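Trainee: Sharing a structure here in structure tokens format.
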Amino acid sequence: MTHSTTHPYDALTPDNILDAIEAEGYDVNGRLFALNSYENRVYQIGLEEQPPLIAKFYRPDRWSEAQIREEHRFSLDLVDAGIPVVAPQRMPSGDTLGRHHHFHFALFAQRGGQAPDTSVPDTLYRLGQWLGQLHNIGAVAPFAHRETLDILPELHEHNRFLTENGWIPEDLRAAWDSLIPHLLTHCARRIEEAGTVSTLRLHGDCHAGNILVRDEQMLFVDLDDCRTGPAVQDLWLLLNGDEHAQGGQFAELLEGYEMFREFDRRERYLIEPLRCHRQLYHCAWLARRWDDPAFPRFFPWFGQPRFWSDQILALREQLAALQAPPITIPGQY
């Protein structure tokens with residue numbers, strides 16, 4: 001597949017970035033350092049006689065202004081409730097959202113740390129405590145504009161996008177087309193077994209890379225994917241290893257979580273459909289972003305036959321997981 005030679009981010013030059021921050025009333029010193037980010041563009045901005053700021057420029061046309069503002073309000077609600085979340089700063093104007101040309105942007109205090117070691121039971125217990133409190137705030141009111149996680153329709157849409165746009169190599173297409181219907185069938189069965197579960201406002205992408213730990217303190221970062229969905233979406237990404245290991249990790253998470261909020265055990269039936277959803281979403285995300293020059297540069301292996309043969313193998317393993325009993329939580333049902 002090819003990608004276009006121009007992209008909206010091409011207009012996000014260093015001068016435009018610094019002009020945007022300066023226009024909000026900050027005295028920039030000209031220092032600008034790009035940080036790792038693919039979906040958005042994130043920079044460390046040097047200020048005169050003040051600590052640097054982190055500026056996030058949202059990908060144009062991904063979220064509406066109303067959706068971004070809901071993300072900001074949710075982040076600030078969490079901070080007001082004492083939950084350790086890195087929320088956008090209010091600018092001198094009093095707003096958390098800036099606009100420069102066709103870019104929306106937000107500013108954050110610079111915070112450091114490292115990803116938590118989720119192999120440590122006490123770490124999982126503490127994460128569970130914070131997530132229980134985060135979900136208590138998430139359940140207070142619904143999102144009006146943010147997306148709702150809907151596993152099966154999104155699986156169908158990701159597969160449709162990949163197949164209709166020619167991303168699956170021809171020599172692997174038969175294997176792909178024979179596998180996907182089985183995955184969808186077993187995902188639907190698991191979702192049916194879970195039954196009707198409650199939904200609430202979520203972090204949405206709560207993996208270890210979006211949590212910082214420093215001096216025993218935890219911080220949740222990057223609510224860019226906050227959405228409505230079942231509570232388990234914010235828990236399962238913290239599980240690693242084989243079935244036995246994940247069961248023990250889940251028990252530690254829930255022990256902390258249920259100090260503050262009850263967890264519906266039926267949601268464990270959703271873990272493997274959610275895992276399948278994330279696998280297909282990742283492939284479709286890369287395909288949808290291929291016109292952004294950063295993606296071919298940072299993901300050169302995407303689109304190569306080896307990548308797709310590996311995906312088929314991983315999805316076959318996922319099919320086996322969907323056919324197995326749901327995760328067992330030691331000491332519980």
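Trainee: Just give me the residues in region 190-233 being farther than 19 Å from L253 by Cβ, without any contact (Cβ under 8 Å) to a residue 24 or more places away in the chain and part of a helix (DSSP H, G or I), in sequence order.
Mentor: E192 - this is the single residue of region 190-233 that is farther than 19 Å from L253 by Cβ, without any contact (Cβ under 8 Å) to a residue 24 or more places away in the chain and part of a helix (DSSP H, G or I).
Trainee: Moving to a separate point now. Quick check: anything in region 14-25 part of a strand (DSSP E or B), touching a residue at least 12 places away in the same chain (Cβ under 8 Å) and either over 30 Å from G303 (Cβ atoms) or not assigned by TED's automatic domain parsing to the domain that holds W285 (or both)?
Mentor: no
Trainee: Moving on. Conditions: (1) in contact with a Ser or Thr (Cβ under 7 Å, 6 or more places away or on another chain); (2) at pLDDT below 90; (3) not β-branched (V, I, T). E24 meets all but one. Number of the miss?
Mentor: Single failed check for E24: (2).
Trainee: Any chance you could count how many residues in region 69-89 are within 18 Å of C206 (Cβ to Cβ) and either among the acidic types (D, E) or at pLDDT below 95 (or both)?
Mentor: Result for region 69-89: 3.
For (1) of a type outside the set (A, V, I, L, M); (2) at pLDDT below 95; (3) surrounded by fewer than 19 Cβ atoms within 10 Å (Cβ to Cβ); (4) within 15 Å of Q233 (Cα to Cα), each residue gets a yes or a no:
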{"site": "R126", "(1), (2), (3), (4)": "yes, no, yes, no"}
{"site": "G132", "(1), (2), (3), (4)": "yes, no, no, yes"}
{"site": "G138", "(1), (2), (3), (4)": "yes, no, no, yes"}
{"site": "T148", "(1), (2), (3), (4)": "yes, no, yes, yes"}
{"site": "L179", "(1), (2), (3), (4)": "no, no, yes, no"}
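Trainee: Scanning for something among the acidic types (D, E), under 26 Å from Q311 (Cβ atoms) and outside any loop (DSSP other than H, G, I, E, B), does region 175-186 turn up at least one residue?
Mentor: From region 175-186, those among the acidic types (D, E) are 177; that's our starting set.
Checking the rest, the ones that are also under 26 Å from Q311 (Cβ atoms) come to 177.
Still in the list and also outside any loop (DSSP other than H, G, I, E, B): 177.
Looking for residues that are among the acidic types (D, E), under 26 Å from Q311 (Cβ atoms) and outside any loop (DSSP other than H, G, I, E, B), one finds at least one in region 175-186, hence yes.
Trainee: Can you tell me which of R306, R261, R266 is over 14 Å from H158 (Cα atoms), in contact (Cβ under 8 Å) with a residue 24 or more places away in the chain and in a helix (DSSP H, G or I)?
Mentor: Numbers: R306 fails: in contact (Cβ under 8 Å) with a residue 24 or more places away in the chain; R261 fails: in a helix (DSSP H, G or I).
Only one candidate qualifies: R266.
Trainee: Return only the number of the condition from (1) closer than 30 Å to P142 by Cα; (2) hydrophobic (A, V, I, L, M, F, W, C); (3) surrounded by 18 or more Cβ atoms within 10 Å (Cβ to Cβ) that V79 does not satisfy.
Mentor: Of everything listed in (1) closer than 30 Å to P142 by Cα; (2) hydrophobic (A, V, I, L, M, F, W, C); (3) surrounded by 18 or more Cβ atoms within 10 Å (Cβ to Cβ), V79 misses just condition (3).
Trainee: Okay, moving on. I'm trying to understand the selection: among the residues of region 219-234, which are within 14 Å of Y257 (Cβ to Cβ) and touching a strand residue (DSSP E or B) at 6+ places or on another chain (Cβ under 9 Å)?
Mentor: P230, A231, Q233, D234
The values are calculated or read from the model by the stated rules, or taken from the named source; none is laboratory data. Just so it is clear, the model here is predicted, and its values are computed rather than measured. Here the Cβ is made from the backbone with ideal geometry for all residues, glycine too, and neighbour counts use every protein chain on show.
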